[in-house]
Amino acid sequence: MQRKLISIVAGALSLGLAGSGALVSAFRAPAVAAPSGTLVQALSQNPDTLTPAMGSLLVDDGPMGLMNASLIRLNQHDKWVGEVATSWKVSSNGLQYTFQLNPKAKWSDGRPLTAQDLIYSWHYYTNPKLHLTYTTGWNYVKNVTAPNPHTVVYTMTRPYAPFKSTIASADIVPAHVFSKWTVSQLNHGYYNTHAVVNGPYILQKWVPDQSLTFVPNPNWWGQPVHIKKIVFTVIPNQTTQFNNLVTGQLTMGSIPPQDLAQVSQLKPHFNIIRPLSAVYNQITPIEVGFLKNVAVRQALDYATPRQQIVKYILKNQAVTAFGDQVPGGYFYNPHLKPRPYSLTKAAALLKSQGFKKGAGGWLYKNGKQLDIPIWTGSTVATDVSIAQAVSQAWQKIGIHAPVHTAGWAFVFGGKGPQFNGKMEALLFGWGQGVFPDDTIDFNSKYIVTSPTSPGENVERYNNPLMNKLTVEGTTLASRKARRQVYWKIQQLEIQTVPIIFLYWQKSDFAYAKNLHGYQQTVFGTTPVWDWSLR
Amino acid sequence: MWRYVVQRILEAIPLLFLVTLVTYFLMNLTPGGPLSLYMHNPKVAPQTLHVLALQMGLTKPWYVRYFLWLWSLLHGNWGYSYFSGQPVLALIGQRLPNTLILMGSSFMISLGIGIPLGIYVATHQYSLQDHVFSFASFFAWAMPSFFFGLLLQTVFAVKLGWLPVSGMYSVYQPPSLGQLLQHLILPAFVLGLGSLAGWSRYMRSGILEVIRQDYIRTARAKGLSERKVIWKHALKNALLPIVTIIGLDLPGFFGGAVITEQIFAWPGMGRLFLSSLNERDYPVQMAGLLIGAILLVVGNLLADLTYSLLDPRIQYR
């Protein structure tokens, strides 16, 4: 018996060894070959809802983009072009927007899309009984009228420069369908199984936490689409997503930094690109105690090793950031002179402010330690590594900066570091929209004092010049004039350091070589009707 | 015995009430809240936060919200998810069958291999086999499931191409039993391995303790075959501690396996509850905790009742 067992174990071991030998050379074909005409991409989590303006997750955008067409859309050259609208004009005082609608536009049930749907959409976005999350700008709409079925006029209460990126690009809802549903049905996801849409694809099947399958909308009125089926499969783990790419189960997907070394496995079948995205990572110093002092924030800025973070932690999947406008974009200020990484200058600046080394080699002033804990979310490994790198750099000049990780709900929650009255620094990612509105980020009217207070000025930054500029940025009608405003804002950001900008994300992305017409831009991709699988 | 069962159920009602009260209190004490996630979203307008707080009832004190939740529950309404807006029971109903399939399979693997393995090594104490399997058991027990899962995925799915990487069905083909079984092998094995190793160790020590008892010696003296001695006389008595462990493991069948489900993209309860914890989706969290508590009570009751089947000396009145 014993001999038999030994031979079994030996057999298993030799099989294992043979297997591992095979691993070296083996890159097997996928178990199931991808049929032509089906495009599969991964989502990191299940969308919360597909009901217009009710979701709160980034993953909602992909599926919803297939189902919905708005008045206008941003093309691959970052220019606004008509979608449901064929043309539009703005009144000279910037208070009235008039859109001519495409008479061919239809809903997926075959009913025509008319100006009444746009009027109903206005009522929808301003209905306080609905659980809406994305309603930016609708409070400035005074009235929506329809001189005829194919013309719609928006009258504003004040000039509102982000109109195109908020109201005109919002999803349109079908009046003939939504008016028959109750508030409760709308709030509780009835739309997910009864969607009537105006976009190029319709939802065929949604299996929660597994996949969402889309097929062409038979009543699509725009340019014809070429892909017969688009599937979003829900895969939470990044390495599992990568493994699905390697085995050919996905048509496209991101390559996380930890899997970059294996990217050569993808090259025979995939194109690899590294597009810049409109997401930046940053550290928000909460302006309490010493952090109210601009010189202290400037010292932290000097002591933050951006280049090293980009090179060693992110493996160059990013570009360093010094402001909140996308590099190379229309509103980006190319004349910025950012602070270089210099611990010497940082230490000298702190010394000039009266900080001296004390117990444990840490910096003190008036008997109080310069203690700035760095908080970040526990779910993103790179954020944790970056926080540690920043902490080490700051500690070299005597700033006590321990790293704390927690769930985002805690980091931003009522009893979290934002509201404990102490000096803290929060490390997280933030998106920049097509329209570069900084009001809620830097205007003192939007300083966050409680979890429900209206604003995202988490840093509690209060600067009268910034207040003035942020108002101008959303009300000046001239785009050129607004660009000057945003250039000044970026200059002020460097001078006064409300935020320590770290980097813009530029992740590697793979898409199958048989996918044609696909391109990524800063704010999106080429339209789906340009894509084909050959 | 039925009287005993009814008595235990009645005793469980105040316990469950207390569990919900304490967990609701602790949940609200936990830093963060349902609106925290919206604060981390640049697309959510600042004024929207206040409207959402009012709609979700978050401006009311926690005890008022608790009694409103309890009142709804007693009327059969488990509430709605703060984030998807869908009924909590529907969310659970969509995922529970998947969890039962995964947990049931891993349970079969653990039980089907772990118990015979435990018996085998106990009856070959200090032999080479005992040393090899003991080493393997501790190794498997100590192996983190996320690492082991990714390792198996890389070998069997990526390199060898024998099994699918993740998911429950292929997105390219209509769902079928064959596909389900293919997708089930890796996650079920990864999930079952820890219990397999643990239960085999419990079984080994259980058998070793029993085979030194007088009644086993008597059975052997009567001339019974070793197989009969072990499988008929020793096993029944050695099973008692295992039954307790399995009873306590029952809530895990509902809660799912968070890490394994994440790695293999298995659409089960573990992922639902993990996201509800991260998002502070209180209605989903409460449902999960309540059902978990009920299953713990039921699991213990079933374990107690099984004792009487295995050991006639234990009787409930």
Task: Counted charge near B:Ser195, where neighbours are those whose Cβ lies closer than 15 Å (Asp, Glu -1; Lys, Arg +1) - done: +1
Open item on the list: Rounded to the nearest percent, how much of the accessible area of the protein assembly as shown (1.4 Å probe, protein heavy atoms only) is carbon and sulfur?
Closed with: 61
Open item on the list: Per-residue counts of other Cβ atoms within 10 Å, averaged by peptide: what ranking do you get for A:526-532, A:478-484, highest first?
Closed with: A:526-532, A:478-484
TODO: Just check chain B against the gyration tensor rule for me: Cα atoms, a ≥ b ≥ c as the square roots of the eigenvalues, rounded for a/c under 1.5, and otherwise prolate or oblate depending on whether a/b exceeds b/c.
DONE: oblate
TODO: Just tell me how shielded A:410-423 is by partners: mean number of partner chain Cβ atoms within 10 Å of each residue's Cβ, no decimals.
DONE: 4
- [ ] Only helical DSSP H runs with n ≥ 4 go in: add -39500 (n - 2.57) per run for chain B, normalise by residue count and round the 222 nm mean residue ellipticity to 500 deg cm²/dmol.
- [x] -23500 deg cm²/dmol
Open item on the list: Net charge around A:Lys351, counting only other residues with Cβ within less than 14 Å of its Cβ (Lys, Arg = +1; Asp, Glu = -1)?
Closed with: +4
Task: Cα pair distances in the stretch B:65-119, grouped into 10 Å bins until the bin that holds the longest one, percent each - done: 21, 28, 21, 18, 12, 1
- [ ] Identify which of B:Arg201, B:Arg65, B:Arg220 has the largest mean-square fluctuation in a Gaussian network model of chain B, with springs joining Cα atoms closer than 10 Å.
- [x] B:Arg220
TODO: Give the shape of the stretch A:176-326 as rounded, prolate or oblate, defined through the alpha-carbon gyration tensor: a ≥ b ≥ c are the square roots of its eigenvalues, a/c under 1.5 means rounded, and otherwise the shape is prolate if a/b is larger than b/c and oblate if not.
DONE: oblate
Task: Pairwise label distance in nanometres, A:Trp181 with A:His516, each label 7 Å out on the Cα-Cβ vector - done: 3.8
Task: Only Lys, Arg (+1) and Asp, Glu (-1) charged, at Cβ; the protein assembly as shown dipole about Cα centre in debye - done: 880
Task: Residue mean of other protein chain beta carbons inside 10 Å, A:248-256 - done: 1
- [ ] Give the distance, in whole Å, between the Cα centre of the stretch B:169-216 and the Cα centre of the stretch A:103-178.
- [x] 56
Task: Residues whose placed amide H lies under 5 Å from that of A:Leu502, excluding near-sequence neighbours - done: A:Asn281, A:Gln282, A:Ile283, A:Ala321
- [ ] Among DSSP beta bridges whose residues both lie in the stretch A:365-486, state the antiparallel percentage, nearest 5.
- [x] 10
Task: Mean Cα-pair separation over length for chain B, i.e. relative contact order, pairs under 8 Å, 6 or more apart, % - done: 26
- [ ] Output the Cα-based Rg and Dmax of the stretch A:346-484 in Å, rounding Rg to one decimal and Dmax to a whole number.
- [x] 18.0, 56
Open item on the list: On a straight-distance basis, which lysines could pair with A:Lys267 in a cross-link, Cα separation under 17 angstrom, same-chain partners fewer than 8 positions away excluded?
Closed with: A:Lys513, B:Lys159
- [ ] Tell me the Kirkwood hydrodynamic radius of the stretch B:21-125 in angstroms, computed as one over the mean inverse distance between distinct C-alpha pairs.
- [x] 17.9
Task: Helical contribution to [θ] at 222 nm, DSSP H n ≥ 4, -39,500 (n - 2.57), averaged over chain A, rounded to 500 - done: -7500 deg cm²/dmol
- [ ] Under 1.5 on a/c is rounded, so check that first for the stretch A:416-520, then, if it is not, pick prolate when a/b is larger than b/c and oblate when it is not; a ≥ b ≥ c are the square roots of the alpha carbon gyration tensor eigenvalues.
- [x] oblate
Open item on the list: Need one value for A:210-223: mean number of C-beta atoms belonging to other chains within 10 Å of its residues' C-beta atoms.
Closed with: 1
Open item on the list: Output the 0 to 90 degree angle, nearest 10, between the alpha-carbon long axis of helix B:128-142 and the longest principal axis computed from the alpha carbons of chain B.
Closed with: 10
Task: Helix axis angle, B:2-29 relative to chain B longest principal axis, alpha carbon, degrees - done: 50
Task: chain B: angle of helix B:282-310 to the longest principal axis, Cα-based, in degrees nearest 10 - done: 20
Task: Across A:Lys315/A:Lys345; A:Lys106/A:Lys228; A:Lys311/A:Lys422, pairs whose alpha-carbon gap is larger than 22 Å - done: A:Lys315/A:Lys345; A:Lys311/A:Lys422
Task: Ranked packing of A:94-101, A:511-518, most packed first, by mean Cβ within 10 Å - done: A:94-101, A:511-518
TODO: List the relative contact order of the stretch A:24-154 as a percent without decimals, with contacts defined as Cα pairs under 8 Å and 6+ residues apart.
DONE: 19
TODO: Specify the inter-centroid distance of the stretch B:227-306 and the stretch A:508-534, based on alpha-carbon positions, in whole Å.
DONE: 45
Open item on the list: From the mean inverse distance of alpha carbon pairs (Kirkwood) and the Cα radius of gyration, derive Rg over Rh for the stretch A:105-199.
Closed with: 0.95
Task: Peptide ranges A:403-413, B:174-184, A:251-261 listed from the most packed, as the mean C-beta count within 10 angstrom indicates - done: A:403-413, A:251-261, B:174-184
Task: Contact order relative to length of chain A, as percent, for alpha carbon pairs under 8 angstrom and 6 or more apart - done: 19
Task: Kyte-Doolittle at least 0.0, axis length at least 18 Å by Cα - qualifying DSSP helices, chain A - done: A:2-25
Open item on the list: Per q in 0.08 Å⁻¹, report the Debye log10 I(q)/I(0) for the protein assembly as shown, using one uniform scatterer on each alpha carbon and no solvent.
Closed with: -0.84
- [ ] For the stretch B:185-317, just run the numbers: alpha carbon Rg, then divide by 2.2 N^0.38 Å, N being how many residues it has.
- [x] 1.39
Open item on the list: Rounded to the nearest 20 debye, what is the charge dipole size of chain B about its Cα centre when +1 sits on each Lys and Arg Cβ and -1 on each Asp and Glu Cβ?
Closed with: 620
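The values are calculated or read from the model by the stated rules, or taken from the named source; none is laboratory data. Just so it is clear, the model here is predicted, and its values are computed rather than measured. Backbone-built Cβ (ideal geometry, glycine too); neighbour counts: all protein chains shown. In case anyone asks, the SASA skips ligands and DNA or RNA and just uses the protein heavy atoms, side chains included. Shrake-Rupley method; radii C 1.70, N 1.55, O 1.52, S 1.80 Å.
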